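The structure under discussion appears below in the form of C-alpha cells.
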Amino acid sequence: MTSLSDNVRTLHATMELFSHAKRFNERWLADPEFRSILFRNPEQAIADYALPVDSEEVLGIIAGDKDRAGSIARGILAISAMKSSVMDQWYGPESTAADSRIAAWRARQQARMHLELGPFQTKASVRAAWNAELTRGCSGGCWFCNMSAPALSGLAPDDTQDLEAWRGIIRSLKMRLGPAIRTGFLDGATDPFDHPAYEEFCRIVLAEAGFFPTTSTALALRDPDRSRRFFAEAKAAGCWSVRLTVRDQAELAAIHATFTSEELAHVQLNTCTPRSSFVFSLTGRYRDRYLSDSEFAARERRKLAFAPWYTMSRDYRDDDTYPLDANTGVAGFSINLVDRMVSLVAPRPSSDQFPLGFETLDRLAFGDGDEFGNALDTLVERWMPERLRDGDTVMLWQGLRCEPTSGGVRLHGRFRQFTDMVDPDHAADLRMIASWLRHGATVADITQSGAVDAGWGVDVLHRFLDAGLLQEIRSA
Ligand code: SF4
C-alpha cells in the first residue's frame, strides 16, 4: 500500500499539474453569473476572468463532452479521486486511537452518525479526535458561520513557557490517541490566522506528533505575504489540506487576483458564496438564516437537486428533512487555549437544543500539560468505560424506531439507515431488552431481573452500546 506521505505528495503533484482546471472549477462552482456568460460567450468569459484554460476544452465542458473537455475534466476528476484516497487513509482505520476506550467511544459515535445523520454526512465527515482553538472568538464575521463564532476577544499567550505547555498538551494527546492524533486541527469557532503565532503552534505539532495540522482560513487576504509563506511551509511539511474560505464574489475575485493559480495549486478554495452550489451544514448562523427566511431556505434546498450524492441515493428519497444538519468536525476532545478548558464533544443533528450540531458532554479546566493529561483521563473514565457497570443507566437515544424481526429487533434511524440486533436462539429475549432500553433502565435492572441470563444480558447490552444505539453513559 502507498504510504500516507507518498499519497499526499501525489495529491499535491496532481493539484499542481491541473492548477488551471482547479481555478476554472473554483469559478464555475462559486459564480452563476460566470456560468451564464460562459454559455453565451465562452471566449469572452475566459478573457474577462483571466482563466488559464484552453478554449476548446471549455467548449467541451459546455457541451458536456468529457473527451473534448480534456485536461479540465481529467484534472477535476483526478484531484477529487486523489483527495478521497488521502482522506480515507488519513482519517480511516489506520488512525484508530491507541487507548482502546477512546477508540471504542469514537467507533460508537461513527455508528450513531450513520443512523442519525445518514450515509453521506458520515462518510464525508472528518470526525477529528481533537481540535484546539488558539483564540476566543473570531474576526472573520462570515455570514454563514456554522459555529456562530462570537467576535474575537482573546489570544492564547505564546511566550516560551506557554509554548512549552502546548508541547506538553500535544504529548498528552499523542500518548492517548496514538495515530488518531493526526486527525486533529487548530481551529473551531476561530480562524487560525487571527493568531500571530499560529505557525509556531503548528511547528510544535509537527515536531511532537509528526504531522502538520490541516488548516482552513477565511483571512488569507489580510496578509498575502504571510499566506504565501504559510502555503509553502505547509506543503513542504506534508500538510494534506490547506483551505481558503471564500465568502462572496468580490472575495473570490480578490483571491484570484492576489494569488496565481500556481501559488494556490495545493490550496483548496471552499466557495461559501451565497450563490455558490455549495450545500451548507444546517448549523450556527446558516441555520438561523435558514429558519427565519423561507425564500432563502427554498433556494438553498434547490441546490440539492444538483448534488449527486443526494439525488442518486435511494437513502434520501422520500425524506424531506435537510440532509446535512450536524457539525461533524470533531468527535472527541475540544480544547480552548485562551480559557484553558477541554470539552468532550459529539456530533448531533442540529436542533434548538444543539444549534451548532454537536453536543458538549463535559468540560474541564486545566493549567499545564500534566493537568491537561489528567483532565483527559477524567473524561475517559467518566464517559468511556471499558465495561458497563450495574448502576449505569442504559437507554436508546431518542429518534430510533424499534421493529421486531424473526431473529431479534431492527433499529431504524434516519435516511433508511438501520441496525439489526440478531440472536435466533434468544430472539424474544432480545426484543424484551430492546423494550427495556426504549424506556431506560439500569444494567442491574435488566441483568438481575431473572428474565434473562445475566451474562448473556450484559453481552447484549455491550452489543447495543458498541452499535451506537445507546445514549451516552456518564459514570457517577
Ligand atoms: S466560519 Fe470560521 S472564519 Fe468565519 S466567522 Fe466562523 S469561525 Fe470565523
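For the residues ALA98, ALA111, the requirement of being aliphatic (A, V, I, L, M), under 25 Å from the mean Cα position of the chain (by Cα), at pLDDT 95 or above and assigned to a helix (DSSP H, G or I) singles out ALA111.
Annotation note: of ALA45, ALA50, the sole residue that is part of a loop (DSSP other than H, G, I, E, B) and among the small types (Gly, Ala, Ser) is ALA50. Please specify each residue of segment 123-135 satisfying the condition of being modelled with pLDDT of 95 or more and of a type in the set (Val, Ile, Thr). Passing the criteria: only THR135. Restricting attention to segment 314-340, the residues that are within 21 Å of the chain's Cα centre (by Cα) and under 24 Å from LEU115 (Cα atoms) total 16. Would you confirm whether or not segment 259-276 contains a residue that is farther than 30 Å from GLY369 by Cα, away from the ligand (no atom under 16 Å from the Cβ) and aromatic (Phe, Trp, Tyr)? Yes, segment 259-276 contains a residue that is farther than 30 Å from GLY369 by Cα, away from the ligand (no atom under 16 Å from the Cβ) and aromatic (Phe, Trp, Tyr). Quick one: would you say LEU134 is buried (at least 20 other Cβ atoms within 10 Å of the Cβ) and out of contact with any Cys (no Cβ under 7 Å at 6 or more places or on another chain)? For LEU134, the condition - buried (at least 20 other Cβ atoms within 10 Å of the Cβ) and out of contact with any Cys (no Cβ under 7 Å at 6 or more places or on another chain) - is met.
When you go through LEU337, LEU361 one by one, which is the residue that is surrounded by fewer than 23 Cβ atoms within 10 Å (Cβ to Cβ), more than 29 Å from ARG275 (Cβ to Cβ) and at pLDDT 95 or above?
Within the list LEU337, LEU361, the selection yields LEU361.
Here is a yes/no grid of residues against (1) aromatic (Phe, Trp, Tyr); (2) modelled with pLDDT under 95; (3) more than 16 Å from the ligand (Cβ to nearest atom); (4) touching a His at 6+ places or on another chain (Cβ under 8 Å):
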| position | (1), (2), (3), (4) |
| --- | --- |
| TYR290 | yes, no, no, no |
| SER294 | no, no, yes, no |
| ARG302 | no, yes, yes, no |
| TRP309 | yes, yes, yes, no |
| ASP320 | no, yes, yes, no |
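Among the numbered conditions (1) of a type in the set (D, E, K, R); (2) crowded, with 17+ Cβ neighbours inside 10 Å; (3) touching a Lys or Arg at 6+ places or on another chain (Cβ under 7 Å), the only one that GLU386 does not meet is (2). Contact map, segment 153-168: residues that are within 12 Å of GLY367 (Cα to Cα) paired with residues that are part of a helix (DSSP H, G or I) and not hydroxyl-bearing (Ser, Thr, Tyr), Cβ distance under 7 Å, separation 6+ or inter-chain. Pairs shown: ALA165/GLY369; TRP166/PHE201; TRP166/ILE204; GLY168/GLY369; GLY168/ASP370; GLY168/PHE372. Within the option set ARG112, ARG68, ARG74, being away from the ligand (no atom under 16 Å from the Cβ), at negative phi and assigned by TED's automatic domain parsing to the domain that holds PRO347 holds for one residue only, ARG112.
The values are calculated or read from the model by the stated rules, or taken from the named source; none is laboratory data. Keep in mind that this is a model prediction, so the values were computed, not measured. Positions of Cβ are backbone-derived with ideal geometry, glycine not excepted, and every protein chain shown enters the neighbour counts.
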